[in-house]
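Following: one structure in structure tokens, then a few remarks.
The values are calculated or read from the model by the stated rules, or taken from the named source; none is laboratory data. Computed from a predicted structure; not experimentally measured. Here the Cβ positions follow ideal geometry from the backbone for every residue, glycine too, while neighbour counts run over all protein chains shown.
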Amino acid sequence: MIFERGYFQSKSITESFVNESLREVKMFSHTKPYSNSNTVFLSHKHSDLKDLQGVMGLLKEYDVKVYIDSMDNKMPKETSGETATRIKDVIKFSKKFILLATEKAIESYWCNWELGFGDTHKFIDNIAILPMKEPGTYDHNYKGNEYLQIYPRIDYNKSFTNIHGHFFKEGYYVKKPANKEGTVYITELSEWLKQ
């Protein structure tokens, strides 16, 4: 399933949730020990704010701390090497990396840079794509289909399902791409965020 823009609008976040997430990330320092459990770097295109807020609302339900660079007051006002250094530090620090993969994000050099950096530090078990398309478009027209072949994706199972003797209840899952044998590994989103 590729989510349509607006799908997560009913998931609301409060300003206090955003501030709490930012406080957690700001406390991070290379010189101090700090637990990164349940932290997510959420890569996104800044113009996707409405969808971003909904995804943050979803992640809030799983009690995770979400970092988004657009709300980090430690970021320089102008994009620079300092910006890249800060983002690299937070990606390394965060336990998980999720790309809100709208078509605009897929076309963004910056989001692709973050994804590439996240790929080298998070590997397949700690990175996921949340694919999002324009309403009313077909999944096969989604610009990020090649991403779905190489990265795990966040998906939604609409009903209780039996797949080869394994039962999956309704809910959000992280689905790895098929391996060489054609096996697809599926993990509940709540469990993936804890791993």
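Structure summary
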{"read-out": "So I124, is it modelled with pLDDT under 95 and part of a helix (DSSP H, G or I)", "value": "no"}
{"read-out": "Residue count for region 80-118, restricted to those that are in contact (Cβ under 8 Å) with a residue 24 or more places away in the chain and not hydrophobic (A, V, I, L, M, F, W, C)", "value": "13"}
{"read-out": "Answer from I150, I129 - the residue that is in contact with a Pro (Cβ under 8 Å, 6 or more places away or on another chain) and within 13 Å of I2 (Cβ to Cβ)", "value": "I129"}
{"read-out": "Residues that are under 15 Å from S10 (Cβ atoms) and among the polar types (S, T, N, Q), drawn from region 45-64", "value": "Q53"}
{"read-out": "V174 vs. criteria of a type in the set (V, I, T), surrounded by 11 or more Cβ atoms within 10 Å (Cβ to Cβ) and out of contact with any Asp or Glu (no Cβ under 8 Å at 6 or more places or on another chain)", "value": "no"}
{"read-out": "Condition broken by T137, with the remaining ones in (1) over 19 Å from I2 (Cα atoms); (2) more than 14 Å from the chain's Cα centre (by Cα); (3) part of a loop (DSSP other than H, G, I, E, B); (4) not aliphatic (A, V, I, L, M) satisfied", "value": "(1)"}
{"read-out": "Residues that are over 17 Å from K176 (Cα atoms), crowded, with 18+ Cβ neighbours inside 10 Å and of a type in the set (G, A, S), drawn from region 96-133", "value": "A105, S108"}
